[in-house]
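Where a number appears in this text, it was derived from the coordinates with a stated rule and is not lab data. Note that this is a predicted model, so its numbers are computed, not measured. With ideal geometry, Cβ positions are generated from the backbone for all residues, glycine too; neighbour counts draw on all protein chains shown.
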Amino acid sequence: MNSRQRVLTALRHQEPDRVPVDLDGMRSTGIMAIAYNRLKAHLGLTGGETRLYDVMQQLAHPEPPVLERFGVDVLPLPRPSWGLDPAHPAWKPWTLPDGSPALVPSGFDPLRDERGGWLILDEAGRPVYRMPAGGLYFDQVYHPLAAATTVAEIEAFELPDIPEGELTWLKREARRLYEATDKAIMGHFGGNILEGGQGLRGWERFMIDLAQEPKLAHALAQKLADYYVANLPRYLDAVGRYIQIIQMGDDLGTQQGPQISPATYRQFIQPYHRQVYGYVKAHSDLPIFLHTCGSIYRLLPDLIEAGVDILNPVQISAAEMDPRRLKREFGQDVTFWGGGADTQHVLPTATPQEVRRHVQELVEIFAPGGGYVFCQVHNIQANVPPENVVAMFDAALEFA
C-alpha cells in the first residue's frame, strides 16, 4: 500500500496497512524552523536548506530525507505568499531568533521597530504584523474593517481573488506532485468565517458584532462565504483532479471551551460553512479537512452537520477533548487528523521514553477502525527537543 492509498483508506474509515503519518501537510501540522534546524543536526543531516515558508508561525518545509525518515504520507499544496513568485521562487538568507540560519521569501522585508522587534508594513506604510523583541511569532496588528459601522462599508470592501498566475502554478505543481510522488496531496484553501471576521474586524470587535451587531456580523460572514464560493470553481478546476484533501480553517475553541456557544455557531457561522463546504461537496469528491484549535467538543455535532469530514488538530490537552470519548462518540463520522502527541505538556518536557508511551496510548485509542491520521497536536514548537521529535514519529510507526 503506497502513501496515497494509505491515507485514502484511513479516510474511508478502514484500517490501512499502518496508520498514515503527517508532518507539514498543512500549516498547523508542521515544525518551527528553530526546531527543524536542531532536528537536522540531531539526525546528522548536513547540507540542504531550511526554508521559512510561513513567516507568521516561523515554519520550515521539511526536506525529503526528513520526510522519508519519519514515513510521512502527505504533501502540502500551499498557496505562495510574501512576494514569492511561484513560477520563479527566490529566497534570501535570514537569521532565526535563536541565531540559526534559514532562507525566507524574497518579498519578506520586515523593519526593526524602536523596541527591537520586527514590523511588517503594507503598501501604505501601515504596520500590519508585529513580532516583539524576544518573540517567536508575528501577530496581526492591523484590521482593515475595524472602523466599519455599516453594512454598506462591509459590502464595499474588496477581497483579492486568486491571481490567474497563481492558479497556473498551482495546477502545474499539483500535477507534478500527483504524478511524481505517491503521497496524498492536501490543497490549502482556507474558507475561514469566524477567523476571517476576526482578521478583518479585529478579534474583539467581531466578537462584539456577534453579540450586539448581528446585521454587521451576518454581512461580513456572507461576504466571506460569497468570496470563497466565487473562487472555489477556479481553484477546483486548477487542482481538483490532483489533490485528495481540501483544507479549510476556522479556530473555534479556546483552552477551556468553544469561543462561541453552539447556538451562536448555528446562527452566525454554520450557514456560511454550509455554503462553502456544500459547494465543494457538490462539485468534487474531496473530503473537507477543518483545522480548528481548542476545546470544540460541544461544536462537533454541528460541524459534522455542516460537512466536516476531517478534524484537526484534535487538541487533547483542551477541556472536554478526551481522546476516548472523541473516538467513541464521533469516530464513525469524522477522521481525526492529529491528537498524536500533546505539544503543550508532553513534547517539550517529557523524556523520549515518556513520549513513546504517550504516543502508544493515543495511537491505540484513535487507530482502530481507521479514520485516523497521525500527527502531533498543532506545530512542533521551537522548544521541543529533537530527541522527542524522533521518539514521537518512531513510536507512531512502531505502534501503527
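Tabulated data
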read-out	value
Span-rule helices in the chain, defined as complete DSSP H runs reaching 18 Å or more along the axis (Cα) with Kyte mean at least -1.0	214-239, 352-366, 386-399
Along principal axes, Cα extents of the stretch 127-183, largest first, whole Å	49, 40, 18
Straight-distance crosslink candidates among lysines, where the alpha carbon sits under 22 Å from Lys223 and sequence neighbours closer than 8 are dropped	Lys215, Lys281
Over 34 Å [Cα-Cα, the chain], rounded percent	27
Label-point gap, in nm, between Lys92 and Glu114 - each point 7 angstrom along Cα→Cβ	2.6
Projected area, mean over directions - the stretch 96-172, Cα convex hull, nm²	8.1
In Hz, Karplus ³J(HN,Hα) per residue of the stretch 150-158 (6.51, -1.76, 1.60; θ = phi - 60°; x = Gly, Pro)	10, 4, 4, 5, 5, 5, 7, 6, 9
Amide proton proximity set for Gly190, modelled H, under 5 Å, gap of 5+	Gln247, Met248, Gly249
Shape parameters for the stretch 170-297, alpha-carbon atoms, Rg then Dmax in Å	16.0, 52
For the stretch 53-201, fraction of C-alpha pairs farther apart than 25 Å, in %	43
For peptides 164-173, 219-228, sequence by mean Cβ density within 10 Å, most packed first	219-228, 164-173
Listed peptides 32-45, 337-350 by packing density, highest first (mean Cβ within 10 Å)	337-350, 32-45
FRET efficiency, 1/(1 + (r/R0)^6) with R0 56 Å, evaluated for Ala263 and Thr46 via beta carbons	0.50
Hydrodynamic radius (Kirkwood) for the stretch 1-95, which is based on Cα pairs only, to one decimal in Å	14.8
Of Thr46, Thr95, Thr292, the one that fluctuates the most in a GNM where the chain has Cα springs shorter than 10 Å	Thr46
Helix-only CD estimate at 222 nm, as mean residue ellipticity for the chain, using -39500 (n - 2.57) per DSSP H run (n ≥ 4)	-11500 deg cm²/dmol
